[in-house]
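One structure below.
The values are calculated or read from the model by the stated rules, or taken from the named source; none is laboratory data. If you're wondering where the values come from, they're calculated on a predicted model, not measured in any experiment. With ideal geometry, Cβ positions are generated from the backbone for all residues, glycine too; neighbour counts draw on all protein chains shown.
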Amino acid sequence: MSTSATVQFSDVVRAFGRGGHTAVDGVSLLVDETSRVGVVGESGSGKSTLVRMLVGLDHPSAGTVEFNGRSIAAMLPDELRAFRLAVQLVAQDTTSSFDPRRTLRDAVRRPLEVLRGMDVAAADGAVDATLRGLGLDPQLANRLPHQVSGGQRQRFAIARALVVRPRLLVCDEAVSALDVSVQGAVLNLVKRYCREHGAGLVFVSHGLPATAFVADRLVVMHRGRVVEDGPREQVLFRPEHAYTRTLVDAHRRTGDRRGSVPA
Ligand SMILES: Nc1ncnc2c1ncn2[C@@H]1O[C@H](COP(=O)(O)OP(=O)(O)O)[C@@H](O)[C@H]1O
Ligand SMILES: [Mg+2]
């Protein structure tokens, strides 16, 4: 399958409340199925707000976010379904993103039922294949979310996103809560999916090592703005913005001891 999945941000602003905080402040950005983008910035810089607009969970106060040329905010139900099949999110907090009373199998199966209209039997085959691809024993899926480890639950969250075979995978702090020892394995799975399916990746994290490990393009956010957007080597070794230099220097000082991900 080679349908394109292009998301274009044009002068996007997202402000909260009357005269409130501007979480995203004039961002223009293009990502598609060929992208391997890492979005990095300190906590509160607007990354999750950007992600929520990228996947259609929130909309700009000004400017537009378009998927294949159509404003996501203006999409009709059929267009939204096609968009959700193409662009999938692995959210920040797996504890709250799973229903505690439903099995993990129910959770991973659900996108196939809702978006593809598959029945349980057909969907279960696809669920098992996706779980195996992520190194998860399908038997584990009969458990409830709190009955597996944090690392396993994160893989189920990734499985729930990948089960519909998206063209663009968006990960918001997808490994930040995991031990460094398992981060590398999860990142490798994400990279492999994108390589094998020709899918794009938008990987968002406050941590530079994980971001630089999966991305070949780095976008740096600072106070709601994109202050740098370029090839990874250029951003890491010839940053243009003072804030990027601060980020890279901080990583050089501490990165070897904590949060460092094997290359
Ligand atoms: N729903 C909301 N209502 C009010 N303020 C918000 C809301 N969501 C995010 N913010 C604010 O926007 C800023 C950016 O938040 P966020 O996008 O979560 O940053 P990051 O993911 O980089 O940590 C923060 O100051 C946050 O408090
Ligand atoms: Mg965030």
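Here are the numbers for this structure:
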{"read-out": "Test for V87: is it within 16 Å of ligand 1 (Cβ to nearest atom) and either β-branched (V, I, T) or touching a Lys or Arg at 6+ places or on another chain (Cβ under 9 Å) (or both)", "value": "no"}
{"read-out": "Unique match (being closer than 15 Å to D172 by Cβ, surrounded by 15 or more Cβ atoms within 10 Å (Cβ to Cβ) and not hydrophobic (A, V, I, L, M, F, W, C)) among G56, G63", "value": "G56"}
{"read-out": "Criterion (within 16 Å of ligand 1 (Cβ to nearest atom) and either over 16 Å from the mean Cα position of the chain (by Cα) or free of Cβ contacts under 8 Å to residues at least 40 places away in the same chain (or both)) met by exactly one of R14, R81", "value": "R14"}
{"read-out": "Output for region 220-237, where each listed residue is free of Cβ contacts under 8 Å to residues at least 60 places away in the same chain, of a type in the set (A, V, I, L, M, F, W, C) and either assigned to a strand (DSSP E or B) or buried (at least 22 other Cβ atoms within 10 Å of the Cβ) (or both)", "value": "V227, V235"}
{"read-out": "Tally, over region 237-255, of residues that are at pLDDT 90 or above and of a type in the set (G, A, S)", "value": "1"}
{"read-out": "Identity of the residue in region 30-50, surrounded by fewer than 23 Cβ atoms within 10 Å (Cβ to Cβ) and under 15 Å from A174 (Cβ atoms), that ends up nearest to ligand 2 (Cβ to nearest atom)", "value": "S48"}
{"read-out": "Among residues of region 119-131, those that are under 16 Å from P166 (Cα atoms) and buried (at least 17 other Cβ atoms within 10 Å of the Cβ), counted", "value": "5"}
{"read-out": "Residue match in region 44-51 (condition: over 14 Å from G224 (Cα atoms), within 15 Å of ligand 1 (Cβ to nearest atom), at pLDDT 95 or above and in contact with a Phe, Trp or Tyr (Cβ under 9 Å, 6 or more places away or on another chain))", "value": "no"}
{"read-out": "Selected residue (criterion: farthest from the chain's Cα centre (by Cα)) from residues of region 84-114 that are hydrophobic (A, V, I, L, M, F, W, C) and surrounded by fewer than 19 Cβ atoms within 10 Å (Cβ to Cβ)", "value": "V114"}
